[in-house]
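Q: Supplied in structure tokens, the structure appears directly below.
The values are calculated or read from the model by the stated rules, or taken from the named source; none is laboratory data. On a predicted model such as this, the values are computed, not experimentally measured, just so you know. Glycine gets a Cβ as well: all are built from the backbone with ideal geometry, and neighbour counts include every protein chain shown.
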2 protein chains.
Amino acid sequence: MTIGRMAGTGDGEAQVIADVRQAVNLPRREASSLHLPTAATRLGPSVESTTRGPILMTRTRSHWGWGWADRWPDDAARAAFAEMLSAMRGLRCEPRPPVELEAIVLRPSAVRAVPPELADVVSTAREVRLNATWGRSFSEIVRAFMGDFAPAPDAVASPRNADEVAAVLRWAEAAGLAAIPRGGGTSVTHGVTARPEERRAGVVVIEMSRMARLIEVDTVSRAAHIEGGATGPRVQELLGPHELCLRHYPQSWEFATLGGWIVTRAGGHYATGRTHIDDFVESVTMVAPTGTMTTRRLPASGAGPDANRLVLGSEGTLGVVTSAWIRVQTRPRYRSNISILFSEFGSAVAAARALAQSNLFPTNCRVLDPGEAALNQVGDGRAVLIVAFEDDLPTRDRLEAATALAMQYGGVAPSGARHRESTHEAAANDAGAQWKDAFFDGPYLQSLLVSFGLVADTFETACTWSQFEALHAALHAAVAPIFAELGGGELTCRFTHVYADGPAPYYTFVCQSSHGRQLDDHARIKRAVSDVLSAHGATITHHHAVGRLHRPWYDIERPPLFATAYNAVRATFDPAGIMNPGVLTDPE
Amino acid sequence: MTIGRMAGTGDGEAQVIADVRQAVNLPRREASSLHLPTAATRLGPSVESTTRGPILMTRTRSHWGWGWADRWPDDAARAAFAEMLSAMRGLRCEPRPPVELEAIVLRPSAVRAVPPELADVVSTAREVRLNATWGRSFSEIVRAFMGDFAPAPDAVASPRNADEVAAVLRWAEAAGLAAIPRGGGTSVTHGVTARPEERRAGVVVIEMSRMARLIEVDTVSRAAHIEGGATGPRVQELLGPHELCLRHYPQSWEFATLGGWIVTRAGGHYATGRTHIDDFVESVTMVAPTGTMTTRRLPASGAGPDANRLVLGSEGTLGVVTSAWIRVQTRPRYRSNISILFSEFGSAVAAARALAQSNLFPTNCRVLDPGEAALNQVGDGRAVLIVAFEDDLPTRDRLEAATALAMQYGGVAPSGARHRESTHEAAANDAGAQWKDAFFDGPYLQSLLVSFGLVADTFETACTWSQFEALHAALHAAVAPIFAELGGGELTCRFTHVYADGPAPYYTFVCQSSHGRQLDDHARIKRAVSDVLSAHGATITHHHAVGRLHRPWYDIERPPLFATAYNAVRATFDPAGIMNPGVLTDPE
């Protein structure tokens, strides 16, 4: 079972995911209905605003799991899937329902009074606080599923503009509150939830859904100035009339926000080239307790260290990204893809390396290990290399050259493999729309497995090509005894991104556990694999961010002097230390 | 006259530069002779060291101008060129000889005693100090030409390893000396020369020529660990046996160093794609007064803000880059290029923009305005767009598609235009080696014009496409009255780099002046054009760095909060404020 895909797939995997989705038979999402906001619902995380004023999407987010509430399967569908999973994978499933929304008990808010000027901005209402409590990492989903909302913030601010963000920060600083910026709430690293020792006099979450406007488009320079709270669909909606697109598709795309992508250095679904949000940021505006920083709009500059790169990865510890100028694109005219099979995973890895180091410049170059390929019902139990090209010229020659290169490493392009070339317009009429829906289903499966009492999670990294083989073996060696002890489990791997100097391997694991034991069992596996990543010189995160979850290993990974320097930077932007305490570093 | 090219050209311009070189008839460089060092010459800036110990190149650098001393034309050649320049361009030339090396008077060194452990590392010898005095900006060349070596350092350290760098920094801190890291001494922004008010108790220059070894190669991951003092030719020499190359060719390539490129964010000669040193750095080691920072070798990471990006652009204000793991490559198999003519500069700009925003991915895409094209003897007085492709597949289709696109903007591919495709091996046998020599001649011409009493310099920037037209017009409007008043001058423009959201325009100007007036005349023009860049939201430098020269405009460009944060970072790495004072910021 592939779950929690955070970075996606080329068209070549469309069918794979469609198959998985079909097997699970998750209900399709409905078209959202739009109407004007009511006072009671205005501040929920599903509020969006447009240039014409706030408009409410009544479709509601799950109060505990991934995504839309209406995607939660009914009892019969869950029971059927649990039965299939037991039969096929030998996992003991105990389907249970999540806590009822009404049954959740929140601690009383520590915020007694909201300043009058923030009356329209700050809410202490139960459901608003509840919806702003958790991110969506495994342990957070488990705790929310069980009804544990202990880390609920004391207040939630929904600013409408940068001035209101600044006012909220002034209030937080004066009232001694910790301030946690929140985009889509899709963090899988405890990035948006304070630990008890970080709560100070209380916690205010600053959620950005009302700041999702298009401020300006520069069609000549192909750049757009968009507010930080715009989600993936919202960015698309804003750019569509200009026939432009961002083409940054992390798996969180449907819910996560531009500001969130920037501060967590999100990775898009393309394995190569233009895929990281880092490369799309032309300039950024960040509101911090000590003031506002706006960088100059420039295609490039050699004037000192790049100020944008200080904001990228800052994870809410310096301020709130209220808007950014982003580089936008038109679609390439042609695209093609092929799946190539390998008897040995190592051969597929070698072929991916050769391709990444060639001057053929594939748009996608993704390896699935035999386990992941089998679980995804691709091929016949062999490892798979998926290669794709996008171009303004026909790509058949390029695809053939890539295939020939892969064959030098033992790859086989099976008859029946999809080796097609199409214009983007043609593609949009077949698998294009389909895979996108399918791609976003992964995280829903994780929530479902949580409800079965299983452990199901992903972790991701990057390392040099020369380190990968040993790292991969050590990860399997580390989890095998734990899986055995817990009653069975599986670790699978694919590459979400490849670079000339190394891959970004993405691991999925599903392991036997049971309700009540999930947190401990998961923590044990997470610790084991993270220790291996650290010991092998791999990064603790390629695109999931550090948050609080990855701190122990990030503290080893980042140079000590950099941490000292970063704390000095934090003190500059946030002398009182209110911004997302506990994330990245511990200022003294 | 094209001078001071800091970022270069594709093969398409080989002939252009060859023509210019031929017109000037600069002497060809000789093969370097290598022998073991002598005590007297060991510490000069032309010393290199290898893994087998120090080896001396006896070929000496000019004591005042660009490059090798033996490239200085003889009296007859200079007189002939001056005459040609007067006749062709109407410039009044007054050829004079530079100060004799022996005639230069240095202030006595303020350093009375060198610690015994640094006896083999630190020199206060006259010629060593003299050679480490100036960078190679216009005003520095003028002052050196006149024999003004007032800013000579009090001592020059030539450390052999990171420990010796640390020892030098400890000594500098204890002795109250300012410490200035120096790579090739090719700074064009006063980056390696302290102003009087920055000298503290004295100045020690840390020159890196003895740290130029290959520490390790990882051929699997295509990365190499090289010391910071390795020059371009040295990097090539080190990688050659492994059939790898860096393919980063700033015009300073022959003399500048890996460490220097990193701290100044050097731009290579490719107009697009893999060209900036920023993108080649996999990890870096920097020795600072408070300790050593080494980042982890990773192809990519999303773990917090990128520590490498703090070192990139730090211009010696945080520490000394002693080594870096850099991403290396093999050569693409095929390449092709074409020159396309446009009656209107604006049309060539529009075509370059269309190409940069296409999904054709040209390797080079360079515009020359009519003035620059004419001076380079390209075409017939029209603007020129040079397009090149490099690929592991034949590139003819791609070149034809790019040409067709350019023609939509009014471009004409003249008969006789070189529209050829070749393998890299074939190319190496014709223009390959030739253009590289020619490309590096540009700065020699600037030194020659200085000796004629002219003003001759370049400046470069980047801006969005939507800003460019107004910026370009305003620059011409700003210099026109100054040129008129001074007795004639010319401003020409080409794009060294293009991005989807904007170009990096590179301007060359030659203006009438006379000996004794050059510094004032130059400062007036430099101030005028820099003010225009600033007012139009362009950057004060795309790849030349900030140094001390660009401070007034950098101080406007970088956000105030970023400067405060950067000063906090400086204080972390360098609490005593000894590192390259006056560069980038002024710590309180």
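Q: Please specify each residue of the stretch B:128-139 satisfying the condition of being in a loop (DSSP other than H, G, I, E, B) and charged (D, E, K, R). I'd like the intermediate steps shown before the answer.
A: Kept after step one, since they are in a loop (DSSP other than H, G, I, E, B), are these residues of the stretch B:128-139: B:132-137.
Correct list: B:ARG136 only.
Q: So which of A:ALA538, A:ALA523 ends up being under 21 Å from A:GLY191 (Cβ atoms) and not in a helix (DSSP H, G or I)?
A: Values: A:ALA523 fails: not in a helix (DSSP H, G or I).
None of the others qualify; the one that does is A:ALA538.
Q: Do we find a residue being more than 28 Å from B:ARG222 (Cα to Cα), crowded, with 24+ Cβ neighbours inside 10 Å and of a type outside the set (Lys, Arg) anywhere in the stretch A:262-278? Explain how you work it out, then say what you get.
A: Kept after step one, since they are more than 28 Å from B:ARG222 (Cα to Cα), are these residues of the stretch A:262-278: A:262-263.
Pick out the ones that are also crowded, with 24+ Cβ neighbours inside 10 Å and you get A:262-263.
Keeping just the survivors that are of a type outside the set (Lys, Arg) gives A:262-263.
The answer is yes, given that some residue of the stretch A:262-278 is more than 28 Å from B:ARG222 (Cα to Cα), crowded, with 24+ Cβ neighbours inside 10 Å and of a type outside the set (Lys, Arg).
Q: I need the full set of residues from the stretch A:145-160 which are buried (at least 24 other Cβ atoms within 10 Å of the Cβ) and out of contact with any Lys or Arg (no Cβ under 9 Å at 6 or more places or on another chain), in order please.
A: If the condition is that a residue be buried (at least 24 other Cβ atoms within 10 Å of the Cβ) and out of contact with any Lys or Arg (no Cβ under 9 Å at 6 or more places or on another chain), then A:ALA157 is the only one that fits.
Q: Any idea which of B:GLU372, B:GLU344, B:GLU400 is within 14 Å of chain A (Cβ to nearest Cβ) and out of contact with any His (no Cβ under 6 Å at 6 or more places or on another chain)? Explain how you work it out, then say what you get.
A: Working: B:GLU372 fails: within 14 Å of chain A (Cβ to nearest Cβ); B:GLU344 fails: within 14 Å of chain A (Cβ to nearest Cβ).
So the residue among B:GLU372, B:GLU344, B:GLU400 that is within 14 Å of chain A (Cβ to nearest Cβ) and out of contact with any His (no Cβ under 6 Å at 6 or more places or on another chain) is B:GLU400.
Q: Quickly run through the stretch B:524-549 and pick out the residues that are over 15 Å from the mean Cα position of the chain (by Cα) and within 21 Å of B:MET579 (Cα to Cα).
A: If the condition is that a residue be over 15 Å from the mean Cα position of the chain (by Cα) and within 21 Å of B:MET579 (Cα to Cα), then B:ARG548 is the only one that fits.
Q: Taking the stretch B:252-261 as the search range and keeping residues that are modelled with pLDDT of 95 or more and surrounded by fewer than 24 Cβ atoms within 10 Å (Cβ to Cβ), which one is farthest from B:LEU360 (Cα to Cα)?
A: Restricting to residues being modelled with pLDDT of 95 or more and surrounded by fewer than 24 Cβ atoms within 10 Å (Cβ to Cβ), the top hit is B:PHE255.
Q: Now for a separate question. Filter the stretch A:170-229 down to residues that are over 20 Å from the mean Cα position of the chain (by Cα) and not aliphatic (A, V, I, L, M), then give me how many there are.
A: Looking only at that region, the number is 19.
Q: Another question about this same structure. Can you pull out every residue in the stretch A:551-566 that is at the interface with another protein chain (Cβ under 7 Å from one of its Cβ atoms) and either in contact (Cβ under 8 Å) with a residue 40 or more places away in the chain or farther than 17 Å from B:ARG309 by Cα (or both)?
A: Of everything in the stretch A:551-566, just one residue is at the interface with another protein chain (Cβ under 7 Å from one of its Cβ atoms) and either in contact (Cβ under 8 Å) with a residue 40 or more places away in the chain or farther than 17 Å from B:ARG309 by Cα (or both), namely A:TYR554.
Q: Scanning for something over 26 Å from the mean Cα position of the chain (by Cα), among the aliphatic types (A, V, I, L, M) and surrounded by 24 or more Cβ atoms within 10 Å (Cβ to Cβ), does the stretch A:161-168 turn up at least one residue?
A: Here is the first cut: in the stretch A:161-168, the residues over 26 Å from the mean Cα position of the chain (by Cα) are A:163-164, A:166-168.
If we keep only those that are among the aliphatic types (A, V, I, L, M) as well, we get A:166-168.
When the remaining residues are screened for being surrounded by 24 or more Cβ atoms within 10 Å (Cβ to Cβ), the result is A:168.
Yes, some residue in the stretch A:161-168 is over 26 Å from the mean Cα position of the chain (by Cα), among the aliphatic types (A, V, I, L, M) and surrounded by 24 or more Cβ atoms within 10 Å (Cβ to Cβ).
Q: Does B:CYS493 satisfy being at pLDDT 95 or above, buried (at least 22 other Cβ atoms within 10 Å of the Cβ), among the hydrophobic types (A, V, I, L, M, F, W, C) and in a strand (DSSP E or B)?
A: Working: at pLDDT 95 or above: yes; buried (at least 22 other Cβ atoms within 10 Å of the Cβ): yes; among the hydrophobic types (A, V, I, L, M, F, W, C): yes; in a strand (DSSP E or B): yes.
For B:CYS493, the condition - at pLDDT 95 or above, buried (at least 22 other Cβ atoms within 10 Å of the Cβ), among the hydrophobic types (A, V, I, L, M, F, W, C) and in a strand (DSSP E or B) - is met.
Q: Has the stretch B:332-352 got at least one residue that is of a type outside the set (Val, Ile, Thr), surrounded by fewer than 21 Cβ atoms within 10 Å (Cβ to Cβ), free of Cβ contacts under 8 Å to residues at least 60 places away in the same chain and more than 12 Å from B:CYS493 (Cβ to Cβ)?
A: No: the stretch B:332-352 contains no residue that is of a type outside the set (Val, Ile, Thr), surrounded by fewer than 21 Cβ atoms within 10 Å (Cβ to Cβ), free of Cβ contacts under 8 Å to residues at least 60 places away in the same chain and more than 12 Å from B:CYS493 (Cβ to Cβ).
Q: If you take the residues in the stretch B:535-544 that are surrounded by fewer than 19 Cβ atoms within 10 Å (Cβ to Cβ) and not hydrophobic (A, V, I, L, M, F, W, C), which one is farthest from the other protein chains (Cβ to nearest Cβ)? Working first, answer last.
A: Taking the stretch B:535-544 first, the residues surrounded by fewer than 19 Cβ atoms within 10 Å (Cβ to Cβ) are B:535-537.
Imposing the further condition that a residue be not hydrophobic (A, V, I, L, M, F, W, C) reduces the set to B:536-537.
Details: B:HIS536: 11, B:GLY537: 6 Å.
The residue in question is B:HIS536.
Q: Among B:PRO73, B:PRO97, B:PRO115, which is surrounded by fewer than 22 Cβ atoms within 10 Å (Cβ to Cβ) and in contact with a Ser or Thr (Cβ under 9 Å, 6 or more places away or on another chain)?
A: Details: B:PRO73 fails: in contact with a Ser or Thr (Cβ under 9 Å, 6 or more places away or on another chain); B:PRO115 fails: in contact with a Ser or Thr (Cβ under 9 Å, 6 or more places away or on another chain).
Exactly one of B:PRO73, B:PRO97, B:PRO115 is surrounded by fewer than 22 Cβ atoms within 10 Å (Cβ to Cβ) and in contact with a Ser or Thr (Cβ under 9 Å, 6 or more places away or on another chain), namely B:PRO97.
Q: Another question, then. Farther than 30 Å from B:ARG333 by Cβ and of a type in the set (Lys, Arg): is that true of B:ARG199 in this structure? First the steps, then the outcome.
A: On the way: farther than 30 Å from B:ARG333 by Cβ: yes; of a type in the set (Lys, Arg): yes.
When the stated conditions are applied, B:ARG199 passes them.
Q: Still on this structure, I have one more. Looking at the stretch B:236-243, is at least one residue part of a loop (DSSP other than H, G, I, E, B) and surrounded by fewer than 23 Cβ atoms within 10 Å (Cβ to Cβ)? Don't jump to the end; show me each part of the working.
A: In the first step, residues of the stretch B:236-243 are kept if they are part of a loop (DSSP other than H, G, I, E, B); the result is B:243.
Next cut, surrounded by fewer than 23 Cβ atoms within 10 Å (Cβ to Cβ) only: B:243.
For the stretch B:236-243, residues part of a loop (DSSP other than H, G, I, E, B) and surrounded by fewer than 23 Cβ atoms within 10 Å (Cβ to Cβ): present.
Q: Could you tell me which of the residues A:VAL510, A:VAL479, A:VAL532, A:VAL569 is aliphatic (A, V, I, L, M) and within 11 Å of chain B (Cβ to nearest Cβ)?
A: Working: A:VAL510 fails: within 11 Å of chain B (Cβ to nearest Cβ); A:VAL479 fails: within 11 Å of chain B (Cβ to nearest Cβ); A:VAL532 fails: within 11 Å of chain B (Cβ to nearest Cβ).
None of the others qualify; the one that does is A:VAL569.
Q: Then there is this: Within the stretch A:244-264, which residues are in a helix (DSSP H, G or I) and more than 8 Å from chain B (Cβ to nearest Cβ)?
A: Pass one, the stretch A:244-264, residues in a helix (DSSP H, G or I): A:251-254, A:258-264.
Within the stretch A:244-264, A:GLN251, A:SER252, A:TRP253, A:GLU254, A:LEU258, A:GLY259, A:GLY260, A:TRP261, A:ILE262, A:VAL263 meet the criteria.
Q: If you don't mind, there's one more thing I want to ask. Within the stretch A:265-327, which strands (runs of 3 or more DSSP E) (wholly inside it) include 1 or more residues that are out of contact with any Gly (no Cβ under 6 Å at 6 or more places or on another chain), free of Cβ contacts under 8 Å to residues at least 24 places away in the same chain and at the interface with chain B (Cβ under 7 Å from one of its Cβ atoms)?
A: Numbers: elements: A:281-288, A:291-294, A:320-327.
Of the strands (runs of 3 or more DSSP E) lying wholly inside the stretch A:265-327, those with at least 1 residues that are out of contact with any Gly (no Cβ under 6 Å at 6 or more places or on another chain), free of Cβ contacts under 8 Å to residues at least 24 places away in the same chain and at the interface with chain B (Cβ under 7 Å from one of its Cβ atoms) span A:291-294.
Q: Sticking with this one: So A:GLY547 passes all but one of these: (1) crowded, with 24+ Cβ neighbours inside 10 Å; (2) out of contact with any Gly (no Cβ under 9 Å at 6 or more places or on another chain); (3) closer than 19 Å to A:ALA266 by Cβ. Which condition number does it fail?
A: (2)
Q: Looking at the stretch A:362-379, which of the residues that are closer than 30 Å to A:LEU393 by Cα and modelled with pLDDT under 90 is surrounded by the most Cβ atoms within 10 Å (Cβ to Cβ)? Don't jump to the end; show me each part of the working.
A: Restricting attention to the stretch A:362-379, the residues satisfying the condition of being closer than 30 Å to A:LEU393 by Cα are A:362-368, A:378-379.
Remaining after also requiring modelled with pLDDT under 90: A:378-379.
Working: A:VAL378: 22, A:GLY379: 20.
Checking each candidate, the answer is A:VAL378.
Q: If A:ARG112 satisfies all but one of (1) assigned to a strand (DSSP E or B); (2) without any contact (Cβ under 8 Å) to a residue 12 or more places away in the chain, what's the number of the condition it fails?
A: Failing condition for A:ARG112: (1).
Q: Scan the stretch A:405-415 for residues that are at pLDDT below 95 and farther than 10 Å from A:PHE342 by Cβ and jot them down.
A: As a first pass, look at the stretch A:405-415 and keep what is at pLDDT below 95: A:412-415.
Passing the criteria: A:ALA413, A:PRO414, A:SER415.
Q: I would also like to ask the following. Mind telling me which of the residues A:ASP520, A:ASP501 ends up being more than 12 Å from every other protein chain (Cβ to nearest Cβ) and of a type outside the set (Ser, Thr, Tyr)? Show your work before the answer.
A: Numbers: A:ASP501 fails: more than 12 Å from every other protein chain (Cβ to nearest Cβ).
When all the criteria are applied, what remains is A:ASP520.
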